[in-house]
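The values are calculated or read from the model by the stated rules, or taken from the named source; none is laboratory data. Values in this document were obtained by computation on a predicted structure and should not be read as measured data. Quick reminder, even Gly has a Cβ in these numbers, built from the backbone with ideal geometry, and neighbours come from all protein chains shown. Heads up: the accessible areas ignore ligands, DNA and RNA and are worked out on the full protein's heavy atoms, side chains in. Shrake-Rupley method; radii C 1.70, N 1.55, O 1.52, S 1.80 Å.
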Amino acid sequence: MRILAALFTSVAFALPASSHEFWIEPLDYQISPEATVQGALVNGQNFDGAEISYLPQRFTRFSIAAGLRQANVENRLGATPALDTPPLTEGLNIISYQSRMATVGYAEWEKFLAFADHKAFEDIEARHDARNLPREDFDEGYWRFAKTLVGVGHSTGRDYRTGLAVEYVALDNPYTDDLSDGMRVQLYLLDDLKSDGQVELFEKAPDGTVTITLHRTDDEGIATLPVKPGHSYLVDHVYLRAPSPELAEEADIVWETLWAALTFEVPE
């Protein structure tokens, strides 16, 4: 089992993190109170990718919360789906995941520029050169902070901050609220709201077709996203910063990225 898990890990994390999202995708976004919350950890593009096993060495947090209750998600080493746990209570259950830091290397400057352009990192050339960084053969450290919302039974309840470093909070309940005017999400970065942040919205239709649109948060860190009944959604944001001197030396990285993801479904 340890050998198989290690082999799977080497394959899953060989995907180029610079251009791949990471998210939690439930098998069912709404379940009965007697059912189990199940879902895949996925690394990929365009809301489609490779499923990752339950590997505790890859994360520092994997939890489920509802109301004032919270519990760790536990599973067998190497199990798929990685998320397989009883709901805490009837209502809205919030699952969150925080990875350990991993690294990706850039042999070519153009590849980093393409990534920076895709994720809307402003003035990246000036910022890079101002720190006298090399334009080839440098490494980035990255962290994944993912959430998903699962409705259990009546599905009522509210999303809230779970303590992730960068985190989307749904201001509307996708399973009970009227979303005809859109779905509001609020983006937090550490202890602050993230204003004017790029919000990448992946919309998956019932036939599997994926549409991607870009949005921005307002002064309060809020973006109102267009959503449709019967579709599932991945909301993504990436924040780039210079690592602390200690982390830069220890991990041999020159940039650090924090990835936020939120998934949910709008029922018919």
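What the table shows:
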item	result
Whichever residue in segment 233-268 is at pLDDT 95 or above and among the acidic types (Asp, Glu) and, among such residues, is surrounded by the fewest Cβ atoms within 10 Å (Cβ to Cβ)	246
Per-region count, segment 193-214, residues within 18 Å of the chain's Cα centre (by Cα) and either open to solvent by 50 Å² or more (accessible area, probe 1.4 Å) or not small (Gly, Ala, Ser) (or both)	14
The lone exception for residue 127 - which of (1) open to solvent by 40 Å² or more (accessible area, probe 1.4 Å); (2) more than 22 Å from residue 253 (Cβ to Cβ); (3) of a type outside the set (Asp, Glu) it fails	(2)
Wholly enclosed strands (runs of 3 or more DSSP E) of segment 183-255 bearing at least 2 residues in contact (Cβ under 8 Å) with a residue 24 or more places away in the chain and under 23 Å from residue 41 (Cβ atoms)	183-189, 198-204, 210-216, 232-241
Test result for residue 159, touching a Lys or Arg at 6+ places or on another chain (Cβ under 6 Å), part of a loop (DSSP other than H, G, I, E, B) and open to solvent by 10 Å² or more (accessible area, probe 1.4 Å)	no
Hey, residue 168 under 15 Å from the mean Cα position of the chain (by Cα) and over 29 Å from residue 90 (Cβ atoms) or not	no
Single match in 90, 74 (criterion: within 25 Å of residue 264 (Cα to Cα) and in contact with a Gly (Cβ under 7 Å, 6 or more places away or on another chain))	90
Residues that are within 30 Å of residue 123 (Cβ to Cβ) and either free of Cβ contacts under 8 Å to residues at least 24 places away in the same chain or open to solvent by 20 Å² or more (accessible area, probe 1.4 Å) (or both), drawn from segment 79-101	98, 100, 101
Conditions (1) touching a Ser or Thr at 6+ places or on another chain (Cβ under 8 Å); (2) free of Cβ contacts under 8 Å to residues at least 24 places away in the same chain; (3) basic (Lys, Arg); number of the one not met by residue 76	(1)
